[in-house]
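Notes to accompany the following structure.
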Amino acid sequence: MDFDSRFTHLSDKNLSREPWRSLPVEVADVIEPELEATTDEILATIAREVPDYARPLEGSFGRGVRTGVTEALRQFVELIRSPSGARGPGREVYVALGSGELRQGRTLDALQSAYRVGARVAWRRLAAAATRAGVEPEVLSLLAESIFAYIETLSADSVEGYAEARARIEGERRRRRHELVAALVREPAADEADLRAAAEAVAWRMPRTAAALACNQEQLERLATRLPADALAAELDGVGCAIVPDPDGPGRPRQIERATGGVGMGAHAVLGPTYAAGSLAASWFLARATLRAVEAGAIKTPGLVRADDVLSKLLLFENAGLAERIATRWLTPLAELTPKARRRMEETALAYMHQRGNAAAMARALGVHPQTARYRLRGLRELLGDSIEDPDARFEIELALRARLQASAQVS
């Protein structure tokens, strides 16, 4: 048979990607009778040379491997006969082989080795048949290139299947983690049996105590890699949430501090108070509310913020309207002063509250002469009257002054 006269070259691009398009169609007739014997030898060689497949090719595993080899050879012949045709549904066989390796808990190393074995055996047997049929050396060379390029295509299909399966599994894990985190912080608390079942689904051991940690959504992924390995992270309503087991245990506070350290991270991570692991709604509420205050500039504690340490600041931030109403009630007399005089009187009033009216202590706190402190105190009494002597009034006045001070710091 004169194969050489029928041999035509396509573009270099097509030759490099799909060299079988340039094979004479008669080659298919030459190699087709060898397919069954080639399949058997490939299977035997794979079982002998690939350790993970060194077992009887039986059951679904054996059927899958045999189907893969048989379909690969059949499809290769069809592509030679009809080079312009699509590969058809046979591609799904190799995608499935890749995803199957992930389900079996293996990497792609064994499957890739099997592909290399298949290419080597197929080339040896098919080349021998082609040589016996008088195929020209140039066509034989292209047949070799075609076999190895085709196997690379199948291998790429399996890589894709493996990646898709891994993405599906990770997506499912992420969904289940999200459901568990949401259940842990929900109000009312979820049923304990449901929580334990959800925790088991993501291989998470339910701790006795835990705390919710809130952070900026964009920081969550980085933060999750730095927190203790048993922490559970998910995004909830646009906020990063991490459940940190046993946050007060030996060495744990330091671990959490280190995890939330780093450029720009510590100032935007808030740890809520510790509660029983099945009742974290309050911890999450306080962590999330404190994060809002931090991001608004109302709380400027550097590093990791613990919600329990800034409750008064959080109270004022969350109730700014109420605090301003209290300020209107008690501090209106100061509104008539110049801005500079008003600030001086507000500082004096706070010092009075802190030092319980002790003029000497007030002077030290304000950094002024005792006589100056007494002078300011007389002015304060004239403005506010006897209210500064009433415990309830003093409490509200101090609350109003602190709110004003916090609002001023927030603006600056």
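Express the accessible area of the chain per residue in Å², computed with a 1.4 Å probe while the remaining protein chains stay in the model.
Per-residue accessible area for the chain comes out at 53 Å².
Amide H of residue 301 versus every other amide H placed in the peptide plane: which residues, excluding those fewer than 5 positions away on the same chain, fall under 5 Å?
Residues meeting the amide H criterion: none.
Mind ranking 284, 330 by accessible surface for me, highest first, 1.4 Å probe?
Solvent-accessible surface, decreasing: 330, 284.
Ignoring everything except DSSP H segments at least 4 long, calculate the 222 nm mean residue ellipticity for the chain; use -39,500 (n - 2.57) per segment, divide by total residues, nearest 500.
Counting only the DSSP helices, I get -20500 deg cm²/dmol.
Would you mind telling me the share, in percent, of accessible area of the chain contributed by carbon and sulfur at probe 1.4 angstrom? Before the final figure, lay out the partial values.
Values: 11150 of 21760 Å².
C and S fraction of accessible area: 51 percent.
In terms of the Cα gyration tensor, with a ≥ b ≥ c the square roots of its eigenvalues, is region 211-310 rounded because a/c is under 1.5, prolate because a/b exceeds b/c, or oblate?
rounded
Just 40, 390, 246 to compare: in a GNM of the chain, with alpha carbon springs under 10 Å, which one fluctuates most?
So, out of 40, 390, 246, the one fluctuating most is 390.
For region 301-365, just say rounded, prolate or oblate: build the C-alpha gyration tensor, square-root its eigenvalues into a ≥ b ≥ c, call rounded for a/c under 1.5, and beyond that prolate if a/b exceeds b/c, oblate if not.
oblate
Collect residues whose amide H, placed 1.01 Å from N in the peptide plane, falls under 5 Å from the amide H of residue 306; neighbours closer than 5 in sequence don't count.
Placed amide hydrogens put 271 under 5 Å from residue 306.
Calculate the spin-label point distance for residue 160 paired with residue 374, positioning each point 7 Å from the Cα along the beta-carbon direction, and give it in nanometres.
9.1
Within region 349-378, list the residues whose amide N lies under 14 Å from a label point set 7 Å along Cα→Cβ of residue 389.
From region 349-378, the list is 357, 378.
Between residue 361 and residue 282, what FRET efficiency follows from the Cβ-Cβ distance if R0 is 35 Å, with the result rounded to 0.05?
0.40
Evaluate E = 1/(1 + (r/R0)^6) for residue 255 and residue 222, where r is the Cβ-Cβ distance and R0 equals 22 Å; express this FRET efficiency to the nearest 0.05.
0.90
For Rg/Rh (Cα atoms, Kirkwood Rh), several values are listed as (i) 1.33; (ii) 1.12; (iii) 1.05; flag the one computed from this structure.
After the calculation, the listed value that fits is (i).
Would you grab the residues whose amide H sits under 5 Å from the one on residue 236? Only those 5+ places off in sequence or on another chain, please, with H modelled 1.01 Å from N.
Counting only residues 5 or more places away or on other chains, the set is 241.
What's the magnitude of the charge dipole for region 112-202 around its Cα centre, counting Lys and Arg as +1 and Asp and Glu as -1 at the beta-carbon? Answer in Debye, nearest 20. Could the numbers behind the result be given before it?
On the way: 14 positive and 15 negative charges, 76 e Å.
The calculated dipole for region 112-202 is roughly 360 debye.
May I have the convex hull volume per residue, in Å³, for the Cα set of region 105-145?
50
So how much accessible area does residue 76 have, in Å² to the nearest 10, using a 1.4 Å probe?
Only protein atoms counted, so the area is about 10 Å².
What is the angle, in °, between the Cα long axis of helix 91-103 and the longest principal axis of the Cα atoms in the chain? Nearest 10 is fine, range 0 to 90.
Tilt of helix 91-103: around 50 degrees.
Note the full-extension length gain between residue 54 and residue 203 as 0.36 nm times their separation in residues minus their Cα-Cα distance, in nm to one decimal.
Gain on stretching residue 54 to residue 203: 50.5 nm.
Working with all protein chains in place, sort 106, 120, 258 by solvent-accessible area computed with a 1.4 Å probe, largest first.
So the residues, ranked largest to smallest area, are 258, 120, 106.
What do you reckon, how do 162, 53 stack up by accessible area (1.4 Å probe), largest on top?
162, 53
If you project the alpha carbons of region 183-253 onto their three principal axes, what span does each projection cover, largest first, in Å?
Computed over region 183-253, the largest-to-smallest principal extents equal 32, 32, 21 Å.
Round to the nearest 10 and report in Å² the accessible area of residue 322, as given by a 1.4 Å probe over the protein chains' heavy atoms.
So the heavy atoms of residue 322 present about 110 Å² to solvent.
Along the positive direction of the dipole of the chain (beta-carbon charges: Lys, Arg +1; Asp, Glu -1; about the Cα centre), which of 54, 247, 229 reaches farthest?
247
The values are calculated or read from the model by the stated rules, or taken from the named source; none is laboratory data. Please read all numbers here as calculations on a predicted model, not as lab measurements. Note that each Cβ is placed from the backbone with ideal geometry, even for glycine, and that neighbours are counted across all protein chains shown. Each accessible area value is taken on the protein alone, full model and side chains, heavy atoms only, with ligands, DNA and RNA left out. Shrake-Rupley method; radii C 1.70, N 1.55, O 1.52, S 1.80 Å.
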